[in-house]
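The values are calculated or read from the model by the stated rules, or taken from the named source; none is laboratory data. Everything quoted here is computed from the prediction, not taken from an experiment. Cβ: placed from backbone, ideal geometry, glycine included. Neighbour counts: every protein chain shown.
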């Protein structure tokens with residue numbers, strides 16, 4: 001059962017491409033974070049740009065990492081929109097299920113869902129008491145503990161739950177200049193929920209959470225292919241080249257200790273009132289986010305460029321909608337939403353330059369969708385959303401004097417429709433054809449005077465999809481979809497540098513690419529092939545192409561700065577990139593998984609669960625110039641769990657990235673260098689768990 005259309009429905013009856021994964025399945029597959037959803041979701045690449053989480057679905061994503069700019073794939077936790085990219089590098093805590101909706105979700109989920117939406121649904125408090133705790137230890141001194149407990153406060157009327165997660169590891173990247181470890185993480189997260197049901201037709205769930213973390217993985221980088229301006233910079237200490245330019249995949253030589261410290265808290269309440277003819281749902285939330293960031297931009301032991309940032313964010317969301325029952329020939333939903341967001345960098349420090357930036361967003365929307373059963377087998381769906389956005393940006397360079405300022409604002413409205421034709425061949429097989437539009441709000445890059453003065457235009461996408469869903473003989477579920485997207489005014493970003501008072505500073509520019517297209521095919525299968533044995537597979541075939549972008553700003557190695565046969569920096573140039581692929585759009589991905597469960601001597605000695613998963617991905621580009629790319633790779637995870645008799649204790653042995661392939665945490669390019677950081681190499685661990 002999923003809520004992809006804002007009501008609880010069977011996955012097989014929803015005319016949308018959806019990958020739905022239960023919390024138990026995520027744990028068995030070794031999926032612990034948002035980023036690792038890539039391993040089990042065809043068509044999804046959940047990447048990072050510096051500190052910012054940036055999911056991409058079917059080639060629709062962003063690289064812009066400035067305040068006030070939201071990703072093209074909308075992320076929701078318990079129905080609450082998560083617009084702040086720097087706060088979305090989270091672990092999956094207390095998860096009931098994850099739903100990845102592919103394709104524009106502009107009607108029911110709104111703005112900034114051009115690529116799709118990811119719904120994270122956490123566990124609901126229960127009137128049946130239960131608790132579960134785990135302790136994990138693994139390679140790189142990885143330590144993690146979790147605790148979840150739920151139960152009644154007032155029988156059948158009031159229930160509560162609490163979930164806590166804490167982890168840390170000592171890092172896997174060697175800083176060969178400072179002789180210390182980097183690539184470290186730690187996290188503390190807590191979520192509490194209260195469920196109140198004063199009557200049989202009304203319930204109210206109130207949730208509060210707090211999370212804080214430290215993570216320097218994407219900032220613990222080294223020059224890619226030796227391309228770094230450190231080769232031609234002053235080196236008064238005569239640092240040897242093997243230290244100046246590390247060559248190991250898991251090495252860095254930064255002289256500035258990088259830090260990424262997000263901290264976020266929030267509260268939300270969701271109420272449901274059954275009116276008989278429909279259910280009325282209302283949600284309100286508030287979230288506050290602070291992120292501290294320190295980076296050695298030149299990723300070398302020389303003092304060339306670095307920056308310190310503090311991101312701040314305050315987000316309010318409100319929504320209310322009325323939905324008819326999901327059965328019956330005529331089904332409908334109508335609603336309205338409000339969203340207010342303020343984000344700042346206060347301050348941003350690069351050398352002697354201190355600046356302040358602010359972006360404010362206000363968005364309001366009304367939406368409705370109707371499904372009518374023309375016959376017992378043929379269903380027509382039509383929907384509309386009207387969204388009105390207002391956004392303002394302000395930039396002020398405080399030092400050095402004179403003070404510089406830039407500001408601007410805009411407002412615009414957009415109608416996004418959806419139409420679906422669905423036909424049921426039988427109770428277990430159906431096909432659908434859909435047309436939908438997606439829209440991503442115009443955006444500022446408020447890190448410079450010019451960026452705060454001129455907004456990039458809104459993105460728009462027209463999407464066509466033909467899909468089928470089927471269950472064969474009760475043991476095999478086979479779903480598939482073919483799609484075609486027309487994509488206009490893509491918002492793309494490129495990094496460049498300037499020199500202020502002798503200090504090199506990193507800036508980014510925001511552009512619109514006039515048009516692109518994306519098309520492909522996805523298939524998924526889930527089979528119960530024998531008692532206790534399940535197999536699953538997902539295939540994505542994708543083709544993307546920028547069809548019009550004559551003046552794209554891209555970086556190329558600077559031929560005038562070759563030192564000892566290596567490039568030592570890049571040029572920012574204008575190029576016609578028509579014909580290039582979109583970023584993070586692998587042409588081929590295949591994920592395979594299996595789970596097997598068997599009782600030992602009829603349960604006398606407990607139960608054994610075995611799980612494995614592997615992802616095959618072709619290479620994909622990380623810049624619109626199609627110069628930098630993630631090579632083809634595999635990612636394999638496996639685990640074996642023994643459950644003691646009575647199922648109160650369990651022991652798990654697991655391995656992750658068993659193929660030891662190099663998976664990019666981030667590639668970043670600027671005039672200073674091309675640099676790269678990788679995710680963890682092969683690692684192992686063990687978990688002991690207890691529950692009742």
query = Out of all the residues in segment 655-684, which are buried (at least 20 other Cβ atoms within 10 Å of the Cβ), over 30 Å from residue 567 (Cα atoms) and in contact (Cβ under 8 Å) with a residue 40 or more places away in the chain?
reply = 656
task = Those residues that are closer than 24 Å to residue 377 by Cβ and surrounded by fewer than 20 Cβ atoms within 10 Å (Cβ to Cβ), I need them from segment 7-47; list them, please.
result = 7, 8, 9, 10, 11, 12, 13
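Within segment 664-685, which residues are in a loop (DSSP other than H, G, I, E, B) and over 21 Å from residue 136 (Cβ atoms)?
670, 671, 672
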ask   = What are the residue pairs meeting all of these: first residue in segment 217-243, first residue on the phi > 0 side of the Ramachandran plot, second residue part of a loop (DSSP other than H, G, I, E, B), Cβ atoms under 7 Å, and 6 or more apart or on different chains?
value = 226/245
Hits in segment 603-631 - residues which are assigned to a loop (DSSP other than H, G, I, E, B) and either in contact with a strand residue (DSSP E or B) (Cβ under 9 Å, 6 or more places away or on another chain) or at pLDDT 95 or above (or both) = 605, 606, 618, 619, 622, 623, 624, 625, 626, 627, 628, 631
remark   = Within segment 303-315, residues being modelled with pLDDT under 95 and over 17 Å from residue 261 (Cα atoms) number 3
Lone qualifier among 262, 236 - being at pLDDT below 95 and surrounded by fewer than 15 Cβ atoms within 10 Å (Cβ to Cβ) = 236
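With outside any loop (DSSP other than H, G, I, E, B), touching a strand residue (DSSP E or B) at 6+ places or on another chain (Cβ under 8 Å), modelled with pLDDT of 95 or more and at negative phi as the only criterion, which of 395, 433 stands out?
Sole residue among the options that is outside any loop (DSSP other than H, G, I, E, B), touching a strand residue (DSSP E or B) at 6+ places or on another chain (Cβ under 8 Å), modelled with pLDDT of 95 or more and at negative phi: 433.
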inquiry  = For the structure I just gave you, tell me whether residue 555 is out of contact with any strand residue (DSSP E or B) (no Cβ under 7 Å at 6 or more places or on another chain), touching a residue at least 40 places away in the same chain (Cβ under 8 Å), surrounded by 15 or more Cβ atoms within 10 Å (Cβ to Cβ) and farther than 30 Å from residue 524 by Cβ.
reply    = no
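Tell me, yes or no, whether segment 99-112 has at least one residue that is closer than 24 Å to residue 690 by Cα, in contact with a strand residue (DSSP E or B) (Cβ under 9 Å, 6 or more places away or on another chain) and not in a loop (DSSP other than H, G, I, E, B).
Of all residues in segment 99-112, those closer than 24 Å to residue 690 by Cα come to none.
Scanning segment 99-112 turns up no residue that is closer than 24 Å to residue 690 by Cα, in contact with a strand residue (DSSP E or B) (Cβ under 9 Å, 6 or more places away or on another chain) and not in a loop (DSSP other than H, G, I, E, B).
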ask   = Quick one: residue 421 ticks every box in (1) assigned to a strand (DSSP E or B); (2) under 19 Å from residue 360 (Cβ atoms) bar one, so which box is it?
value = (2)
ask   = Within segment 440-466, how many residues are in a strand (DSSP E or B) and surrounded by fewer than 23 Cβ atoms within 10 Å (Cβ to Cβ)?
value = 5
Unmet requirement for residue 21, which otherwise passes all of (1) part of a strand (DSSP E or B); (2) under 23 Å from residue 478 (Cβ atoms); (3) out of contact with any helix residue (DSSP H, G or I) (no Cβ under 7 Å at 6 or more places or on another chain) = (3)
ask   = When residues of segment 33-48 are filtered for being outside any helix (DSSP H, G or I) and in contact with a helix residue (DSSP H, G or I) (Cβ under 8 Å, 6 or more places away or on another chain), how many remain?
value = 5
request  = Could you please find all residues in segment 286-308 being out of contact with any helix residue (DSSP H, G or I) (no Cβ under 9 Å at 6 or more places or on another chain), crowded, with 22+ Cβ neighbours inside 10 Å and part of a strand (DSSP E or B)?
outcome  = 295
note = When restricted to 584, 650, 634, the only residue assigned to a loop (DSSP other than H, G, I, E, B) and touching a residue at least 24 places away in the same chain (Cβ under 8 Å) is 584
request  = For residue 344, state whether it is in contact (Cβ under 8 Å) with a residue 24 or more places away in the chain, surrounded by 18 or more Cβ atoms within 10 Å (Cβ to Cβ) and under 27 Å from residue 103 (Cβ atoms).
outcome  = no
request  = Scan (1) within 30 Å of residue 182 (Cβ to Cβ); (2) in contact with a helix residue (DSSP H, G or I) (Cβ under 8 Å, 6 or more places away or on another chain); (3) not in a loop (DSSP other than H, G, I, E, B) for the single condition residue 96 breaks and write down its number.
outcome  = (1)
inquiry  = Can you go through 68, 30 and tell me which one is modelled with pLDDT under 90, touching a strand residue (DSSP E or B) at 6+ places or on another chain (Cβ under 7 Å), in a loop (DSSP other than H, G, I, E, B) and within 23 Å of residue 524 (Cα to Cα)?
reply    = 30
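So, in segment 187-207, exactly how many residues are surrounded by 15 or more Cβ atoms within 10 Å (Cβ to Cβ) and either more than 19 Å from the chain's Cα centre (by Cα) or not in a strand (DSSP E or B) (or both)?
So the answer is 14.
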query = Taking segment 562-578 as the search range and keeping residues that are part of a strand (DSSP E or B) and touching a helix residue (DSSP H, G or I) at 6+ places or on another chain (Cβ under 7 Å), which one is surrounded by the most Cβ atoms within 10 Å (Cβ to Cβ)?
reply = 566
query = Just checking, how many residues over segment 121-152 are buried (at least 18 other Cβ atoms within 10 Å of the Cβ), within 25 Å of residue 3 (Cβ to Cβ) and in contact (Cβ under 8 Å) with a residue 60 or more places away in the chain?
reply = 4
Of all residues making up segment 588-638, the number that are buried (at least 16 other Cβ atoms within 10 Å of the Cβ) and on the phi > 0 side of the Ramachandran plot = 2
ask   = Could you say whether any residue in segment 316-327 is surrounded by fewer than 22 Cβ atoms within 10 Å (Cβ to Cβ), closer than 25 Å to residue 13 by Cα, in contact (Cβ under 8 Å) with a residue 12 or more places away in the chain and touching a helix residue (DSSP H, G or I) at 6+ places or on another chain (Cβ under 9 Å)?
value = yes
task = Answer with yes or no whether residue 456 is in contact with a strand residue (DSSP E or B) (Cβ under 8 Å, 6 or more places away or on another chain) and modelled with pLDDT under 95.
result = yes
key: residue 171, sole failed condition from (1) surrounded by 14 or more Cβ atoms within 10 Å (Cβ to Cβ); (2) assigned to a strand (DSSP E or B)   = (2)
